[in-house]
Amino acid sequence: MQYLDTIESHFTNFVEKLLRRSRIIVLRIDNNISKTLNDIKKKKIIEQEKLKTKHISFSNLNNVRSSSKTLALNKLKKEELALLEAFINDRNNLESYKNLARFYLNHNEYKNCRNVLLEALAIDPNDKIISDLFVVLYEKTK
């Protein structure tokens, strides 16, 4: 009888340890899933910002092209048209991003400037000039 009690005690301890370890494993898995979901949300937000920037850029260019025939570049200046065309023709050229962002900063179009800078930041997150332009944008909008 005492032998059975000892076996039962050992078995109970084993099951208790097993359950604790299983709980720790489940908690670790849950933690990893939460981190992954947060990363996915951040990437989705960045992609949405990129899509907004592309949409704004293309819509601005289309507006300029259509209005240039009838209204002689209604709101947008020739300089912006040239910058937008350079920007769209070579999407990997950081200089076109920087020039377009500077143009928007100088003409107080802060939302467009922010969108262009976010897209440039996605291409090269370590670029000092892009960081400096963000600082200038922040100072102008506070």
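So the values come out like this:
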{"read-out": "Tabulated pairs, the stretch 32-50, first within 26 Å of Tyr97 (Cα to Cα), second loosely packed, with under 10 Cβ neighbours inside 10 Å, C-beta under 8 angstrom, 6+ apart or interchain", "value": "none"}
{"read-out": "From Arg102, Arg91, Arg28, Arg20, residue being loosely packed, with under 14 Cβ neighbours inside 10 Å, modelled with pLDDT of 85 or more and among the charged types (D, E, K, R)", "value": "Arg20"}
{"read-out": "Counted residues, the stretch 1-46 - those being charged (D, E, K, R) and either within 29 Å of Glu119 (Cβ to Cβ) or not in a helix (DSSP H, G or I) (or both)", "value": "6"}
{"read-out": "Every pair of residues 6+ apart whose Cβ atoms lie under 8 Å, when the first sits in the stretch 117-134 and is free of Cβ contacts under 8 Å to residues at least 60 places away in the same chain while the second is part of a helix (DSSP H, G or I) and hydroxyl-bearing (Ser, Thr, Tyr)", "value": "Leu117/Tyr97; Ala120/Tyr97; Ile123/Tyr97; Ile130/Tyr97"}
{"read-out": "Condition check for Tyr104: among the aromatic types (Phe, Trp, Tyr), in a helix (DSSP H, G or I) and in contact with a Cys (Cβ under 9 Å, 6 or more places away or on another chain)", "value": "yes"}
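The values are calculated or read from the model by the stated rules, or taken from the named source; none is laboratory data. What you are looking at is a predicted structure, and each value in this text was computed from that prediction instead of being measured. Ideal geometry is used to build each Cβ from the backbone, glycine not excepted, and the neighbour counts take in all protein chains shown.
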